[in-house]
1. Taking the residues in segment 53-63 that are closer than 19 Å to residue 7 by Cβ and part of a loop (DSSP other than H, G, I, E, B) as candidates, determine which candidate is least open to solvent (accessible area, probe 1.4 Å).
2. How about segment 18-55: which of its residues are over 12 Å from residue 66 (Cα atoms) and acidic (Asp, Glu)?
3. Just give me the residues in segment 6-21 being open to solvent by less than 80 Å² (accessible area, probe 1.4 Å) and either at pLDDT 75 or above or among the hydrophobic types (A, V, I, L, M, F, W, C) (or both), in sequence order.
Amino acid sequence: MKLASFLHPNLIKIKHKVDSSENVIKDLVKEICKGLSPKLEDKIIKAVMERERLGSTVERGISIPHARIE
């Protein structure tokens, strides 16, 4: 399976201006969750932020935030 199969043009941000990695994650999750439950959006943000605390997915300006959602 290739990483490209998971990428959607709306979720690729180039020179995205934000003040923190947390705000980048929130912006991306909001885009992913359009039309879904706000509770699900909050759950995803929380899971991704917990995963980021274990080890950042940011490397040289590129980030692929992810988490396991149950």
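1. As a first pass, look at segment 53-63 and keep what is closer than 19 Å to residue 7 by Cβ: 57-63.
In the following step, the residues that additionally are part of a loop (DSSP other than H, G, I, E, B) were identified as 57, 60-61.
Details: 57: 25, 60: 217, 61: 77 Å².
Result: 57.
2. 19, 22, 27, 31, 41, 42
3. Once the filter is applied, which keeps residues that are open to solvent by less than 80 Å² (accessible area, probe 1.4 Å) and either at pLDDT 75 or above or among the hydrophobic types (A, V, I, L, M, F, W, C) (or both), segment 6-21 yields 11, 18, 20, 21.
Every residue, every condition in (1) open to solvent by less than 70 Å² (accessible area, probe 1.4 Å); (2) at positive phi; (3) modelled with pLDDT under 80; (4) not in a loop (DSSP other than H, G, I, E, B), yes or no:
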site	(1), (2), (3), (4)
23	yes, no, no, yes
28	yes, no, no, yes
34	no, no, no, no
40	yes, no, no, yes
43	no, no, no, yes
47	yes, no, no, yes
51	no, no, no, yes
65	yes, no, yes, no
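The values are calculated or read from the model by the stated rules, or taken from the named source; none is laboratory data. Nothing here was measured: the structure is a model prediction, and the numbers come from that model. Cβ coordinates were reconstructed from backbone atoms using ideal geometry, including for glycine residues, and neighbour counts include every protein chain displayed. Surface accessibility is based on the protein's heavy atoms, side chains included, excluding ligands, DNA and RNA. Shrake-Rupley method; radii C 1.70, N 1.55, O 1.52, S 1.80 Å.
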